[in-house]
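K.L.:
I am attaching a structure below and will ask some questions about it afterwards.
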Amino acid sequence: MNLTTIIGLLAGFLTTLSFLPQIRKIYLTHRTRDLSLSCYFILAIGLLLWIFYGILMRQIAIILPNTVIFILCTYIILMKKKYG
């Protein structure tokens, strides 16, 4: 594994980690009123495009974090629909 891949994986890990406080807050409070549903829909579409791009480029550092973030984003969308 080269330095570029390591930097990409680290960036992906930290970006993914940034979603966890929001997920935790939704899980504990069941409140999503202040979250923008359209923002998360647009983000989800962008993440899917990044995943496809990563697959085409065969870059695990793009595929892996964007897939995990897409799953987290989908969770937020579902909770917004449920509790919003």
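Rule-based calculations on the coordinates, nothing more; no lab input. Note that this is a predicted model, so its numbers are computed, not measured. Cβ: placed from backbone, ideal geometry, glycine included. Neighbour counts: every protein chain shown.
K.L.:
Helix 37-57 against the longest principal axis of the chain: what's the angle in degrees, Cα atoms only, rounded to the nearest 10?
P.N.:
20 degrees
K.L.:
Could you give the angle, 0 to 90 degrees to the nearest 10, between helix 3-17's Cα long axis and the longest principal axis of the Cα atoms of the chain?
P.N.:
Helix 3-17 and the main axis of the chain meet at about 0 degrees.
K.L.:
Now for a separate question. With axes computed from alpha carbons, what is the tilt in degrees of helix 20-29 against the longest principal axis of the chain, rounded to the nearest 10 within 0 to 90?
P.N.:
Relative to the chain, helix 20-29 is tipped by roughly 20 degrees.
K.L.:
Next question, about the same structure. Taking the Cα centre as origin and putting +1 on Lys and Arg beta-carbons and -1 on Asp and Glu beta-carbons, what dipole magnitude results for region 1-82, to the nearest 20 debye?
P.N.:
With only Lys, Arg, Asp and Glu charged at Cβ, the dipole is about 380 debye.
K.L.:
Can you compute 3J(HN,Hα) from phi for each residue in region 71-84, using the Karplus curve 6.51 cos²θ - 1.76 cosθ + 1.60 with θ = phi - 60°, rounded to whole Hz and x for Gly and Pro?
P.N.:
Computed from phi, the couplings for region 71-84 are 4, 5, 5, 4, 4, 4, 4, 5, 5, 5, 5, 6, 9, x Hz.
K.L.:
Give me, ordered by chain and number, the residues 5 or more places off residue 19 or on other chains with an amide H under 5 Å from its own placed amide H.
P.N.:
The answer is none.
K.L.:
What ranking do 30-42, 71-83, 7-19 get when scored by the average of other Cβ atoms within 10 Å per residue, highest first?
P.N.:
Per-residue mean Cβ counts within 10 Å order the peptides as 71-83, 7-19, 30-42.
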